[in-house]
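What follows is calculated from the coordinates using simple rules that are stated; it is not laboratory data. Everything numeric in this text was worked out from a predicted model, so none of it was measured. In this analysis, Cβ positions are derived from the backbone assuming ideal geometry, glycine residues included, and neighbour counts consider all displayed protein chains.
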Amino acid sequence: MSTAAHTPELAVFSKDIKSMGLNPLWERTVSQKPGSPCVPNHWKWDDLRPQLLRSCDLIGTKDADRRVLMLENPQMPGSSFIANTLFTGLQIILPGEIAAAHRHTPNALRFVVEGEGAYTAVNGERVMISPGDFIVTPNWAWHDHGNIGTGPVVWMDGLDSAFTKFFGATFREDYPGETQPLYRTEGDSAAAFGSALLPVDYVQGGASPLLKYPYARTLEALHHLHKSQALHASHGVKLRYANPGNGKYPFPTMAAFMQFLPKGFEGKPWRTTENIVFNVAEGSGSVVIAGTRFAFSQHDIFVAPSWCDFAFRANEDCVIFSYSDRAAQEAMGFHRDDEL
């Protein structure tokens with residue numbers, strides 16, 4: 001609204017209608033531009049790991065339910081969110097511990113960071129997990145975790161709980177026992193959905209029915225494509241994890257990716273409406289996000305909020321996992337991206 005239109009009569013009108021729960025559209029202050037209040041941020045593994053181990057001395061899984069350190073955006077303290085639409089946490093479980101069974105409406109993913117000997121059990125099937133594996137936990141699926149190994153295991157949790165909070169649809173239920181009964185043979189989901197085959201009577205659902213996407217297989221695919229195809233100017237070699245039941249993303253709300261950046265790679269800047277969380281599986285380098293340079297190493301985590309341009313440089317061969325809200329944005333017709 002122009003300055004000339006700010007009349008005393010309009011000011012009185014605006015004041016009068018506020019008590020009725022009304023506000024003039026022409027006085028709105030909500031931004032009509034892309035982006036969010038969130039800012040880029042970088043968490044170094046060298047800082048994170050000691051705090052995770054310290055938490056193990058202070059609280060057990062029975063007291064904490066899940067021993068998780070949440071990564072919060074500096075502009076959203078107390079929110080539990082790393083970006084407007086995404087939750088990110090680091091979970092650590094010690095040998096002999098069990099994270100008790102429960103279920104909730106948010107979808108959850110796990111990206112295994114460090115350690116061997118842990119498992120996750122989802123809807124009656126136990127899956128052993130290793131560093132670099134991408135793990136799917138569909139919403140409202142019973143799940144518990146345990147560590148039958150000899151050392152601590154750490155993974156990154158990614159949830160779409162911001163969506164359930166927005167819709168007022170966050171529900172959670174604890175299982176009556178510490179663990180759920182295992183009524184499916186380990187490897188069932190991989191056999192049924194992990195070989196470009198589907199059970200003849202499979203009914204398409206929401207989240208991916210494949211519980212584990214092994215790192216070794218992903219890495220093999222990335223290296224093969226690096227040898228046979230030209231690099232993308234911004235992403236190097238980048239693959240998205242797919243729901244084998246429908247070819248779409250692993251979750252209706254979240255997309256997940258793995259990319260390979262060969263040593264010396266210098267990517268062109270890229271921006272997207274996605275909020276993206278990155279976790280460095282291997283290698284070191286740097287990323288410039290919205291003008292700020294972050295030097296990263298293995299297991300570091302960083303976030304590129306919506307419409308913040310970013311560009312990678314690889315000091316050595318890098319493999320980087322990421323997840324975003326792209327699935328939800330595409331479903332609603334909001335998604336855009338742009339090479340700068």
Requested in this report: Report the far tail of the P(r) of the stretch 68-226, meaning the percent of Cα-Cα pairs longer than 27 Å.
Outcome: 27
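What is the gain in length, in nm to one decimal, between residue 98 and residue 171 on full extension, counting 0.36 nm per residue of separation less the C-alpha to C-alpha distance?
My answer for the length gained is 24.1 nm.
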Requested in this report: Starting from the Cα of residue 293, step 7 Å along the direction of its Cβ; do the same at residue 224; then give the gap between the two resulting points in nm.
Outcome: 3.7
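Sequence gap at least 6, Cα distance under 8 Å: using those rules, report the relative contact order of the stretch 33-339 to the nearest whole percent. Spell out each step's value before the answer.
Details: 774 pairs, mean separation 55.6, N = 307.
The normalised contact order for the stretch 33-339 reaches 18 percent.
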Report summary line: So, with points 7 Å from each Cα along the Cβ direction, the residue 188-residue 202 label distance in nm works out to 1.5
Report task. Sticking with the crude label model, points 7 Å out along Cα→Cβ, report the distance from residue 331 to residue 232 in nm, one decimal please. Result -> 2.2
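Taking N as the number of residues in the chain, what is its alpha-carbon radius of gyration divided by 2.2 N^0.38 Å? Kindly include the intermediate steps, with their values, before the conclusion.
On the way: Rg = 22.1 Å, N = 340, 2.2 N^0.38 = 20.2 Å.
For the chain, the normalised Cα radius of gyration comes out at 1.10.
If you only keep lysine pairs separated by 8 or more in sequence, or across chains, how many in the chain come under 18 Å at the Cα atoms?
Going through the chain pair by pair, I get 6.
Shape call for the stretch 18-84 from the C-alpha gyration tensor, a ≥ b ≥ c root eigenvalues: rounded (a/c under 1.5), prolate (a/b greater than b/c) or oblate?
On the way: a/c = 5.64, a/b = 2.22, b/c = 2.54.
Note, shape of the stretch 18-84 comes out oblate.
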Query raised in the report: Pick from 21, 89, 285: which is most flexible by mean-square fluctuation in a GNM of the chain where alpha carbon atoms under 10 Å apart are linked?
Result: 21
Report task. Give the distance, in whole Å, between the Cα centre of the stretch 166-195 and the Cα centre of the stretch 78-141. Result -> 11
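Between Rg and the Kirkwood Rh of the stretch 1-137, both from Cα atoms, what is the Rg to Rh ratio? Write down the numbers at each step before the final one.
On the way: Rg = 23.6 Å, Rh = 19.5 Å.
Rounded to two decimals, Rg/Rh equals 1.21.
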Report summary line: Check: C-alpha center the stretch 298-315 vs C-alpha center the stretch 244-293, spacing in Å is 7
